[in-house]
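Below is one structure, written out as structure tokens; the observations come after it.
The values are calculated or read from the model by the stated rules, or taken from the named source; none is laboratory data. This one's a predicted model, so the numbers in the text were calculated from it and none came from an experiment. All Cβ positions, even for glycine, are placed from backbone atoms using ideal geometry, and neighbour counts span all protein chains on display.
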Amino acid sequence: MSDPDGDAPEGPDGDAPEDPNGDAPEGPDAAPPDNDSHRFDRLPATAADRVVPGRPTRAEVVAWWDERYGIPPETWGGHTFWERGNGKLWAFAGAVVTPVDAEGLGLRILRTRQEHWKPSTNAVQRFGGAATRNVVVLERDEAVRFARGDDQELPRWDGDWGYVIAAHETAGAVEPIGVGLYLHGELRSTVPKGRREELG
Amino acid sequence: MRPPQRYASLVDDFDAFRAACDRPLPSVVRVNTLKASVDRARRALDDAGVGYEAVEWHPGLFRLDERGPGTSWPYFHGWLHGQEEVSTLPALALDPQPGEVVWDACAAPGSKATQLSALMDDEGVVIGNDNNLGRLSALRHNAERLGITNLAVTNQDARNFSLKPFGDRGTDPERIEQFDRALVDAPCSCEGTIRKNPDAFEEWSLGHVEGVAGVQRGILRRAVDATRPGGTVVYSTCTFAPEENEAVLDHVLDRGDCEVVAWEPPAGFETDPGVTEWGEETYDPAVERAHRVYPHRNDTGGFFCAKLEVTA
């Protein structure tokens, strides 16, 4: 594949161009593993088990979802966590040998090795329903704009800045739509190009 | 002789068969039960004003009044996946259980692999393989949109599929050495897709049928070899040619390490038995346990599906 990360342009988790952390290799504390696009390495359980410098640990990942969104640690009880390339984390429903050579392993959930970790649209759709914090519930027209990939003014949000879960009410319950970046009164949609839809 | 006339001797009501082949296929979606219940998906379709009718023989399949589910909230949320009605059969026949290790030998673009994951409640491992790297990106995209976490994607020639990347012949306790179940939804001449690909008969050639049958035999042999004794292998195609169906089964049955077992599709879905004679050829009588699906029986595409048990 031409893209070293193995992501097609329409890939499920392309970063929106507005991503303040960009796609560039990360800062001085990150000594990344080689960027072999097929190699998945299982995350160490804790910092004491860490061999590869800069690699996030399972404990850190579970705590991050809990602290940032209130997603309970037991949500991940059946999943192993893996790093492919530089900081892209995947959740897999089983346990397989590490490292494993594959084109994909479960669901890409999180971009790490940058100042602000960024969850993926697909992770938030699958697991974000358990969130209790940093969930922005959008009105009908706002949700349509968000799914289209548009940025919008949203001064009424008084929660944290940064990556939030955008959600809306549909079919009788609140359902996550994707990941927004809230900055300076504006909600930016990070829905990847291949997932955007005109739902108006 | 070319299709459809080629199969006049196999089909009871050939006029109805030919007429069905000329009709366009309804657009069908499957509810992704990993993300939404059938009831909630139905409510979302109602709220969105999308017209549909439920498929009688399979809860969670809806025939849409209009083409394409792509522009509705339930689709955006990954609650729905466009999948031809008849192509849900092989995963039902395979009947994978949560926690098992399952191989989908020709998995892209992923309708059946993602259905396997849903049937397993996203627990265990589905190894979704395809030899076509371009189609693999569609598989990954579909699996991620549906929120599936138990799918490992590989890019190998299924005929020589190796479990070495998963630790086979090693000592790691988490290695995978064989499958509990395997699905071979084989590349084929696609005669049964005539209702959505009107060129399917035009592009037909006996040379292609015979060539692809060699590939089919190779993949099915590998699936039987890589599946544990007592495990299940399902063989399916979307074509009518006995060379690609019963003849392929006959070939693996000759090796003596598997048998065709009885399996009934859900009530209300009508099939015809596999054929034991075709031209000069005769096949193992057990191939009658396979299912031929003709388009006029259930108003679907054409299909073939057989369930095998590995015995050694």
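Total residues in the stretch A:162-180 satisfying the condition of being within 18 Å of residue A:150 (Cα to Cα) and in contact with a His (Cβ under 9 Å, 6 or more places away or on another chain): the figure is 4.
Okay, residues lined up against (1) touching a helix residue (DSSP H, G or I) at 6+ places or on another chain (Cβ under 6 Å); (2) modelled with pLDDT under 95; (3) under 23 Å from residue B:140 (Cβ atoms):
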position	(1), (2), (3)
B:29	no, no, yes
B:51	no, yes, no
B:97	no, no, no
B:125	no, no, yes
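Given the conditions (1) of a type outside the set (D, E, K, R); (2) over 16 Å from residue A:43 (Cβ atoms); (3) surrounded by fewer than 21 Cβ atoms within 10 Å (Cβ to Cβ); (4) within 15 Å of the chain's Cα centre (by Cα), report the number of the one that residue A:124 does not fulfil. Condition (3) is where residue A:124 drops out. When the stretch B:85-114 is filtered for residues that are out of contact with any Pro (no Cβ under 9 Å at 6 or more places or on another chain) and more than 14 Å from every other protein chain (Cβ to nearest Cβ), the ones remaining, listed by number, are B:87, B:88, B:90, B:91, B:94, B:95, B:105, B:111. Quick check, is residue B:176 in contact with a Phe, Trp or Tyr (Cβ under 7 Å, 6 or more places away or on another chain) and within 14 Å of chain A (Cβ to nearest Cβ)? It is true that residue B:176 is in contact with a Phe, Trp or Tyr (Cβ under 7 Å, 6 or more places away or on another chain) and within 14 Å of chain A (Cβ to nearest Cβ).
Within the stretch B:151-188, the residues that satisfy the criterion of being under 21 Å from residue B:135 (Cα atoms) and in a strand (DSSP E or B) are B:151, B:152, B:153, B:154, B:182, B:183, B:184, B:185. For the condition touching a Phe, Trp or Tyr at 6+ places or on another chain (Cβ under 9 Å), facing chain A (nearest Cβ under 9 Å) and among the aliphatic types (A, V, I, L, M), residue B:125 qualifies. Screening the stretch B:53-110 for residues that are more than 22 Å from residue B:233 (Cβ to Cβ), of a type in the set (Phe, Trp, Tyr) and crowded, with 19+ Cβ neighbours inside 10 Å and picking the one that is farthest from the chain's Cα centre (by Cα) gives B:73.
Among the criteria (1) small (Gly, Ala, Ser); (2) exposed (fewer than 13 other Cβ atoms within 10 Å of the Cβ); (3) more than 17 Å from residue B:295 (Cα to Cα); (4) touching a Phe, Trp or Tyr at 6+ places or on another chain (Cβ under 8 Å), the one residue B:247 does not fulfil is (2).
Suppose we filter the stretch A:146-176 for residues that are surrounded by 17 or more Cβ atoms within 10 Å (Cβ to Cβ), within 13 Å of chain B (Cβ to nearest Cβ) and outside any strand (DSSP E or B); how many remain? Residues in the stretch A:146-176 being surrounded by 17 or more Cβ atoms within 10 Å (Cβ to Cβ), within 13 Å of chain B (Cβ to nearest Cβ) and outside any strand (DSSP E or B): 4 in total.
Scan the stretch A:190-200 and tell me whether some residue there is touching an Asp or Glu at 6+ places or on another chain (Cβ under 8 Å) and assigned to a helix (DSSP H, G or I). Yes, that holds for at least one residue. Do you know which residues across the stretch B:166-217 are modelled with pLDDT under 95 and under 21 Å from residue B:153 (Cβ atoms)? Of everything in the stretch B:166-217, nothing turns out to be modelled with pLDDT under 95 and under 21 Å from residue B:153 (Cβ atoms).
Filtering the stretch B:21-70 to residues that are among the small types (Gly, Ala, Ser) and either in contact (Cβ under 8 Å) with a residue 24 or more places away in the chain or farther than 26 Å from residue B:123 by Cα (or both) leaves B:27, B:36, B:41, B:44, B:48, B:49, B:51, B:54, B:60, B:68, B:70.
Residue-wise test of (1) surrounded by 22 or more Cβ atoms within 10 Å (Cβ to Cβ); (2) among the β-branched types (Val, Ile, Thr); (3) facing chain B (nearest Cβ under 10 Å).
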residue	(1), (2), (3)
A:54	no, no, no
A:57	no, yes, no
A:60	no, no, no
A:80	no, yes, yes
A:90	yes, no, yes
A:93	yes, no, yes
A:108	yes, no, yes
A:120	yes, no, yes
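Would you tally the residues in the stretch B:213-242 being surrounded by fewer than 20 Cβ atoms within 10 Å (Cβ to Cβ) and either touching a Gly at 6+ places or on another chain (Cβ under 7 Å) or not small (Gly, Ala, Ser) (or both)? Residues in the stretch B:213-242 being surrounded by fewer than 20 Cβ atoms within 10 Å (Cβ to Cβ) and either touching a Gly at 6+ places or on another chain (Cβ under 7 Å) or not small (Gly, Ala, Ser) (or both): 6 in total.
Consider residue B:70 carefully, then state whether it is at positive phi and modelled with pLDDT under 95. In short, no.
Give the stretch B:161-173 a look and list any residue that's touching a residue at least 40 places away in the same chain (Cβ under 8 Å) and within 11 Å of chain A (Cβ to nearest Cβ), or say none. Hit for the stretch B:161-173 is B:163, nothing else.
Here B:143, B:158 are screened, and the one residue that is within 22 Å of residue B:119 (Cβ to Cβ), more than 10 Å from chain A (Cβ to nearest Cβ) and either touching a Leu at 6+ places or on another chain (Cβ under 6 Å) or surrounded by 22 or more Cβ atoms within 10 Å (Cβ to Cβ) (or both) is B:158. When residue B:131 is tested against (1) closer than 26 Å to residue A:178 by Cα; (2) more than 7 Å from every other protein chain (Cβ to nearest Cβ), just one condition goes unmet, and that condition is (1).
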